[in-house]
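Since the structure comes first, as structure tokens, the remarks are kept for the end.
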Amino acid sequence: MGRPLDDAGLDTIFRTARSYNGYDDTPVTEADIRRIYDLVKMGPTSANQQAARFVWVLSQEGKDKLAEFATGNNPDKIRKAPATVIVAMDLAFNEQLPWLFPHVPDAKNWFADDVARHTHAFRNSTLQGGYFLIAARALGFDTGPMSGFDNAKVDEAFFSDQPNLKSNFISTLGHGDPSTIFGRLPRPEFDQFNRVV
């Protein structure tokens with residue numbers, strides 16, 4: 001049975017954590033992103049699908065390339081961030097199930113239907129993207145998730161050799177600059193968006 005986090009842990013992951021628009025100059029290293037992924041992969045997915053694929057953009061060349069396909073204020077955020085990650089989904093994730101979900105030998109065939117496979121890939125890669133946000137925060141990093149970009153152009157630029165991969169969302173990553181965030185936006189009380197039956 002798990003032990004609950006203390007208030008400091010809950011603050012780090014949820015209550016005082018924010019989406020950042022800018023970062024300080026502290027670099028994000030390959031060792032950092034490997035530590036983040038080692039937590040992300042432990043989060044549960046349906047039938048251990050592990051449908052997300054991550055492209056960690058650390059080079060300025062890569063960030064400039066990705067920024068070309070972003071909209072609004074996002075290009076500048078991407079260019080200036082220490083790192084950006086493309087959270088993508090593998091529409092052929094079921095090909096990996098024989099080793100990811102070995103106790104059901106025919107699990108791959110559960111997702112033979114294109115529509116069902118897309119639904120599961122999107123759902124589980126989004127879930128893993130959420131794990132990324134939590135893992136990064138838990139390790140002392142800040143994030144700036146965004147969907148303001150042209151998915152088709154990102155896919156063409158970064159996944160042209162892997163047509164089964166499709167971008168879901170992207171996020172900047174680093175150590176946040178507090179001057180770049182806005183005031184906390186409203187959050188609903190329990191009774192507003194919940195019911196118990």
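Data table
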| item | result |
| --- | --- |
| Cβ charges +1 (Lys, Arg) and -1 (Asp, Glu), total dipole of the chain, debye | 360 |
| Contact order normalised by residue count of the chain, Cα under 8 Å, 6+ apart, percent | 33 |
| Choice from 80, 166, 108 showing the highest fluctuation, given a GNM over the chain with Cα pairs closer than 10 Å | 108 |
| Gyration tensor (alpha-carbon) shape descriptor, region 1-111, a/c threshold 1.5 | oblate |
| Span-like helix ranges in the chain, DSSP H, alpha carbon extent 30 angstrom or more, Kyte mean at least -0.5 | 114-138 |
| Among 131, 1, 116 the positive-end extreme of the charge dipole of region 1-138 (Cβ point charges) | 1 |
| Cα gyration tensor shape for the chain, rounded if a/c is under 1.5, else prolate or oblate | oblate |
| Order of 34, 79 - criterion: other Cβ atoms within 10 Å of each residue's Cβ, fewest first | 34, 79 |
| For region 33-96: rounded, prolate or oblate by the Cα gyration tensor [a/c cutoff 1.5] | prolate |
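Every number here is computed from the coordinates shown, using simple stated rules; none is lab data. Predicted model, so just to flag it, every value in this text is computed and none were measured. Neighbour counts are summed over all protein chains in view; Cβ atoms, including those assigned to glycine, are modelled from backbone coordinates with ideal geometry.
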